[in-house]
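The values are calculated or read from the model by the stated rules, or taken from the named source; none is laboratory data. All figures in this text were calculated on a predicted structure; none of them were measured in a lab. Glycine gets a Cβ as well: all are built from the backbone with ideal geometry, and neighbour counts include every protein chain shown. What goes into the accessible areas is simple: the full protein's heavy atoms, side chains included, and nothing from ligands, DNA or RNA. Shrake-Rupley method; radii C 1.70, N 1.55, O 1.52, S 1.80 Å.
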Amino acid sequence: MISPLLLLILFIISLHALIFNPSLMKKVFALNILNSAIVLLFITQGASLGSRAPFTTESPEQMVDPVVQALMLTAIVIGVCVTSFSLALVVHLHSRYGSFDYRHIRKGIANDR
Amino acid sequence: MTGEMYLLPFFLPLAGALLLLFSRLVSDHSAVRPALRATALVTTYGMSTLFSIGNVLSKSAEGFIGGYHPGIAIRYEVTPILSSVYLLAVLLSFISELYAKKEMRSKPDIAAVIHIQLAFIGFTLISRDLFNLFVTLEVLGITSYILIASGEKYRASLASISYLLMSSLAMAFFLLGIFGIYRQTGSLDLIAIRAYYLSSPATYSTTLSITSIATALLMRTAIFPVHTWLPEAHASAPHHVSALLSGLLIKIPLFPLALIVTLTPASVLLASVLLYAGAVSAILAVVSAFSQKDMKRLLAFHSVSQMGYVVASFGAFLIQGDTELLYVAALLHLTFHALFKATLFLTVGRVIDLTHSKDVYTVRNGARILLDASRSNVLVIIAFFLSAFSIAATPATNAFISKQLITDALKDYPLVSWTLVATGAFTVASFIKLSRVFFGDKSVPLPSVKPERKGIDAMILAILFLLASSVAEHFSLSLPLLSSFHPYDASHLTKTFITIAVGGGLYTLVRFKRVKTFMHAIEGLAVSLTSMLLSIPLLIAFLAILLHTVSGLL
Amino acid sequence: METTLLIMLIGLASCALLSKDLLSGIIALGAFSLFSAVIFLLSHAPDVAITEAAVGAGLTTIIFVWAIRHTGRDDR
Amino acid sequence: MKRWSNPAQILVSFIFLLLFLPLFLSQEPWPTAARDILAEEAEKQTGAENIVSAMYLGYRAFDTLGETIVLLIALSGTMSVVSLLKRNSEDVRTPVSLDFSLEEEKRAHHRLRTHLLEVVTGKIGPIILLFGFYVVMHGHLSPGGGFQGGAIIASGIIFFVLGNPHRREESEIQRTTLHLIESSAFLLFLLAALVPLFMTGEVLANPFEAKEIYIIALNTFIGLKVEPGSH
């Protein structure tokens with residue numbers, strides 16, 4: 001009961017930073033944490049079924065849910081890929097405008113035109 | 001065809017992408033490189049067209065990928081309609097790649113991204129599995145971020161990362177929605193989930209999960225109020241990418257959306273939200289489009305507006321359930337919009353490249369500049385005007401049919417129907433505005449342009465459009481479903497001419513100072529990244545509370 | 001045990017999101033991944049744990065450090 | 001001081017917290033249907049004792065295909081943006097080891113640190129590589145698999161590169177090799193997906209008698225795919 005609540009708090013903290021922090025770098029951080037919060041939610045909740053890792057054994061009724069684990073493997077990898085591409089873009093923008101603040105970057109782009 | 005041979009056309013573009021990736025290993029001047037490229041094009045476009053035509057002609061097929069156990073494996077379904085949409089995708093990707101063939105030759109990676117995107121458009125269409133949809137949508141997302149940023153402009157990079165952040169936030173909620181649905185139903189298979197919800201009461205968590213998923217898809221379709229990423233992204237991308245994204249990619253999430261909407265017990269409510277959101281989106285976006293100075297932003301806002309038509313009729317179809325007419329209307333408009341919007345972006349892109357300006361108020365004499373550059377550009381000019389007439393829905397064009405069909409079919413919802421007619425008038429006005437770019441005073445000296453040798457693309461482009469356009473119109477009128485529909489009778493024609501006249505009137509209104517300041521105010525509206533990102537959780541929460549309270553009252 | 005780890009995660013996340021120095025933010029993120037890997041292990045998900053440790057704590061940190069090498073570590 | 005967290009914004013986040021509360025705190029029992037089927041059939045159908053591997057590379061291998069493709073295109077996208085950066089800045093030919101140290105740490109008196117790094121990475125690198133290969137090959141029996149093993153092998157290689165401060169990036173040769181490995185891995189994975197289509201009529205089905213061969217093969221291909229991808 002307590003752990004989903006904590007995960008919700010984690011989720012909301014990162015959502016808050018993602019939306020309201022003007023720094024693009026911090027937005028990428030927040031995106032990373034947001035994804036981890038959801039992955040943690042899946043795994044901890046899926047573990048409520050039992051007390052054994054998902055390997056073929058004699059007592060299948062004690063096994064945790066293997067489905068969510070397989071899904072989360074994919075989700076983690078996709079999250080990393082998105083992070084790496086967004087970082088490349090952030091670095092690219094920073095190299096021109098010297099700032100992570102999207103308002104500053106947007107002003108710079110308006111001036112360039 | 002047997003078994004999963006149905007899936008073959010969707011895998012072929014991956015093989016094409018693979019060939020392009022291998023071509024990076026060959027040195028730039030070797031003859032192997034063009035050969036590999038040609039093989040890739042044939043594999044992706046030629047062979048998948050052939051196999052898709054086979055799919056269109058045969059019956060629907062469904063099954064589980066790998067033939068594994070139902071309930072765990074990934075369900076897919078190939079229907080003739082989905083295969084035709086895939087054929088459209090093949091055509092548009094081909095045009096887009098051809099248009100930028102010089103760039104594609106020097107950057108095989110980017111070309112490979114287009115091929116991969118095509119394959120995953122197919123997978124998104126046929127997938128009937130919640131998590132698999134998440135994966136395919138992520139692939140479509142990441143390909144579009146890369147394509148938008150491939151223009152190497154800083155403006156495009158900012159647009160790309162804004163879209164990336166907004167879409168990743170939406171996908172995070174999508175994943176949360178999967179969590180909600182999986183923990184209730186224990187399944188990821190959409191058919192099984194629907195069966196489950198038919199027999200059990202919906203809780204607030206159910207509604208929240210479904211609206212989270214629906215919002216992520218709405219965001220990709222660019223429907224008000226989560227359309228805010230689109231204008232900047234599609235305006236700053238390279239022209240062929242704008243054509244591909246605006247013409248094709250924003251339409252693909254509609255198909256999974258239809259599946260998601262029908263999951264919920266409150267599907268009628270969610271579908272009505274689609275209906276009205278579509279109408280609001282159509283009118284608001286067209287007013288913004290009319291106010292734009294940047295030609296590509298003007299076109300991008302029109303994409304939002306035209307998607308409004310499609311989504312409104314999709315919504316009405318989902319409300320009524322059995323009215324095939326609305327579905328056909330939506331599909332026809334979707335197809336026609338894909339064709340003419342791609343053509344518009346490419347032809348306007350040609351003008352922008354030659355004049356080095358995107359300002360719709362200062363660029364003039366576009367037609368003469370184009371002809372100076374190359375005689376064959378006369379086809380570009382023809383293609384532009386044909387598509388402009390199409391989007392304005394003048395008689396004898398393809399979108400005339402689909403727009404009349406949509407407004408007719410929506411006659412049960414007079415408010416929506418009239419909003420769409422008003423949208424039509426504004427569309428006419430803004431295309432009069434855009435067409436001015438091609439005319440001008442003969443006495444004004446032209447900027448000198450280098451003669452170019454792009455004649456063959458222009459020809460292919462124009463011919464493809466002409467063919468597609470006339471075939472489409474002819475084909476749509478011969479559908480048995482539309483036998484009782486007569487677009488060329490007196491009432492339809494009167495309505496059209498009044499719309500066009502009002503549109504012309506609207507255009508002349510621009511002379512007034514008040515209207516001008518108003519338009520400037522709209523053009524200057526810039527949506528901050530914060531409000532873009534905030535709109536997603538707000539929309540989810542709004543929809544969830546709305547659906548939950550209203551369905552509780554019923 | 002899990003609760004303690006989760007509270008630490010919240011602390012690390014706030015630390016990463018609030019710090020003005022990006023390098024300490026990145027280190028906090030790396031530690032965040034490592035602790036989540038421990039939680040996965042406690043939740044009987046060894047595969048996810050090994051992935052999170054290799055990818056989240058390893059590769060992501062490397063990518064982030066590479067990025068701030070190009071931009072400087074001030075969050076301006 | 002921090003203009004981005006004023007009371008109104010915190011209120012908005014708090015409202016979201018309340019709105020999403022029911023979804024996180026739902027008390028329904030976790031569904032068991034899929035687990036029971038898997039516990040019964042997974043090893044028979046795929047030959048993998050590790051049921052997560054059976055899911056990841058058997059039942060839901062199609063998701064994995066999507067995932068590897070995300071990896072492929074994210075890598076090439078990142079590379080193309082990064083190449084723009086290199087064109088703009090002058091310090092193109094810095095040793096890789098300096099790529100991972102910050103500006104002020106490039107100075108000469110940090111030499112001792114680099115030396116330490118050299119010794120440690122030189123000793124640990126081979127062990128990491130060996131462990132990586134083990135994880136790839138045993139993915140069907142124990143935790144881990146192609147992706148994880150590939151990432152571990154990649155870290156091992158990064159260790160080697162870090163430990164060798166004198167080596168300059170022979171970028172052209174290196175890039176071609178990377179492209180070769182990457183493209184071949186993609187080819188093999190695609191073949192693994194499509195060959196069963198012609199053998200058994202199903203995409204991504206397991207065509208072998210000894211089922212685990214297919215899983216090991218897929219694991220290896222993904223490992224190959226990930227390994228260059230992580231540079």
Within region B:480-491, of all residues that are surrounded by 12 or more Cβ atoms within 10 Å (Cβ to Cβ) and out of contact with any Asp or Glu (no Cβ under 8 Å at 6 or more places or on another chain), the one farthest from B:THR423 (Cα to Cα) is B:LEU482
The residue from B:LEU140, B:LEU130, B:LEU118 that alone is open to solvent by less than 10 Å² (accessible area, probe 1.4 Å), closer than 24 Å to B:TYR68 by Cα and either more than 9 Å from chain D (Cβ to nearest Cβ) or in contact with a strand residue (DSSP E or B) (Cβ under 6 Å, 6 or more places away or on another chain) (or both) is B:LEU130
Per the filter on region B:172-186, residues among the hydroxyl-bearing types (Ser, Thr, Tyr) and buried (at least 24 other Cβ atoms within 10 Å of the Cβ) are B:TYR182
Answer yes if at least one residue in region A:10-19 is touching a helix residue (DSSP H, G or I) at 6+ places or on another chain (Cβ under 9 Å), open to solvent by 20 Å² or more (accessible area, probe 1.4 Å), more than 21 Å from C:SER19 (Cβ to Cβ) and in a helix (DSSP H, G or I), and no otherwise. no
Exercise for the section: Could you check, for region B:435-443, whether at least one of its residues is open to solvent by 10 Å² or more (accessible area, probe 1.4 Å) and within 27 Å of B:GLU324 (Cβ to Cβ)? Expected result: no
Only one of (1) in contact with a Gly (Cβ under 7 Å, 6 or more places away or on another chain); (2) at pLDDT below 85 does not apply to A:VAL68, and that is (2)
Of the residues in region A:46-63, those that are crowded, with 22+ Cβ neighbours inside 10 Å and more than 20 Å from D:GLN45 (Cβ to Cβ) come to A:GLY46, A:ALA47
With the structure loaded, tell me whether B:LEU176 is touching a Leu at 6+ places or on another chain (Cβ under 8 Å), more than 13 Å from chain D (Cβ to nearest Cβ) and closer than 23 Å to B:LEU539 by Cβ or whether it fails that test.
no
Given (1) open to solvent by less than 40 Å² (accessible area, probe 1.4 Å); (2) among the hydroxyl-bearing types (Ser, Thr, Tyr); (3) at the interface with chain D (Cβ under 10 Å from one of its Cβ atoms), A:SER95 misses just (1)
Just one listed residue, out of A:VAL82, A:VAL67, is surrounded by 24 or more Cβ atoms within 10 Å (Cβ to Cβ), facing another protein chain (nearest Cβ under 7 Å), touching a residue at least 40 places away in the same chain (Cβ under 8 Å) and in contact with a helix residue (DSSP H, G or I) (Cβ under 6 Å, 6 or more places away or on another chain), and it is A:VAL82
Result of the Cβ filter at 7 Å on region B:181-194, keeping first residues that are on the phi > 0 side of the Ramachandran plot and partners that are in a helix (DSSP H, G or I) and of a type outside the set (Phe, Trp, Tyr), at least 6 apart or interchain, is B:GLY186/D:ALA33; B:GLY186/D:ALA34
The one condition B:PHE94 fails out of (1) farther than 21 Å from B:MET47 by Cβ; (2) in a helix (DSSP H, G or I); (3) free of Cβ contacts under 8 Å to residues at least 60 places away in the same chain; (4) more than 10 Å from every other protein chain (Cβ to nearest Cβ) is (1)
Those residues of region B:242-295 which are among the aliphatic types (A, V, I, L, M) and within 30 Å of B:THR517 (Cβ to Cβ) amount to B:ALA277, B:ALA279, B:VAL280, B:ALA282, B:ILE283, B:LEU284, B:ALA285, B:VAL286, B:VAL287, B:ALA289, B:MET295
From the option list D:LEU23, D:LEU65, single residue qualifying as more than 28 Å from C:ILE50 (Cβ to Cβ), open to solvent by less than 20 Å² (accessible area, probe 1.4 Å) and at pLDDT 70 or above is D:LEU23
The residue from B:LEU19, B:LEU25, B:LEU14 that alone is in a helix (DSSP H, G or I), open to solvent by 30 Å² or more (accessible area, probe 1.4 Å), under 21 Å from D:LEU180 (Cα atoms) and within 13 Å of chain D (Cβ to nearest Cβ) is B:LEU19
Residues in region D:43-65 that are over 16 Å from B:PHE64 (Cα atoms), at the interface with chain A (Cβ under 8 Å from one of its Cβ atoms) and not β-branched (Val, Ile, Thr) total 3
D:ILE152 vs. criteria part of a helix (DSSP H, G or I), modelled with pLDDT of 75 or more, within 14 Å of chain C (Cβ to nearest Cβ) and under 15 Å from the mean Cα position of the chain (by Cα): yes
Of all helices (runs of 4 or more DSSP H) fully inside region D:1-75, the set with 3 or more residues that are within 27 Å of A:ALA17 (Cβ to Cβ) is D:7-25
The condition of being at pLDDT 85 or above and over 30 Å from B:GLY186 (Cβ atoms) holds, among B:LEU57, B:LEU14, only for B:LEU14
**Message:** Quick check on region B:164-171. Is at least one of its residues buried (at least 24 other Cβ atoms within 10 Å of the Cβ), within 14 Å of the chain's Cα centre (by Cα) and over 26 Å from D:ILE37 (Cα atoms)?
**Reply:** no
Among residues of region B:151-163 being within 7 Å of another protein chain (Cβ to nearest Cβ) and of a type outside the set (Lys, Arg), the residue surrounded by the fewest Cβ atoms within 10 Å (Cβ to Cβ) is B:GLU152
With the first residue restricted to region B:40-61 and required to be more than 24 Å from B:LYS101 (Cα to Cα) and among the hydroxyl-bearing types (Ser, Thr, Tyr), and the second required to be in a helix (DSSP H, G or I) and open to solvent by less than 30 Å² (accessible area, probe 1.4 Å), Cβ contacts under 6 Å at 6 or more apart or on different chains are B:SER52/B:PRO9; B:SER52/B:SER83; B:SER52/B:TYR86
With the structure loaded, tell me whether B:PHE64 is within 14 Å of chain D (Cβ to nearest Cβ), more than 24 Å from the chain's Cα centre (by Cα), closer than 18 Å to D:LEU65 by Cβ and open to solvent by less than 40 Å² (accessible area, probe 1.4 Å) or whether it fails that test.
yes
Residues of region D:35-58 being open to solvent by less than 10 Å² (accessible area, probe 1.4 Å) and farther than 16 Å from D:MET137 by Cβ, in sequence order, are D:LEU38, D:ALA42, D:THR46, D:ILE51, D:VAL52, D:ALA54, D:MET55, D:GLY58
Residues in region B:28-50 that are open to solvent by 40 Å² or more (accessible area, probe 1.4 Å), among the small types (Gly, Ala, Ser) and in a helix (DSSP H, G or I) total 2
Could you tell me whether B:SER417 is among the small types (Gly, Ala, Ser), over 21 Å from the mean Cα position of the chain (by Cα), at pLDDT 80 or above and farther than 18 Å from B:HIS337 by Cβ?
yes
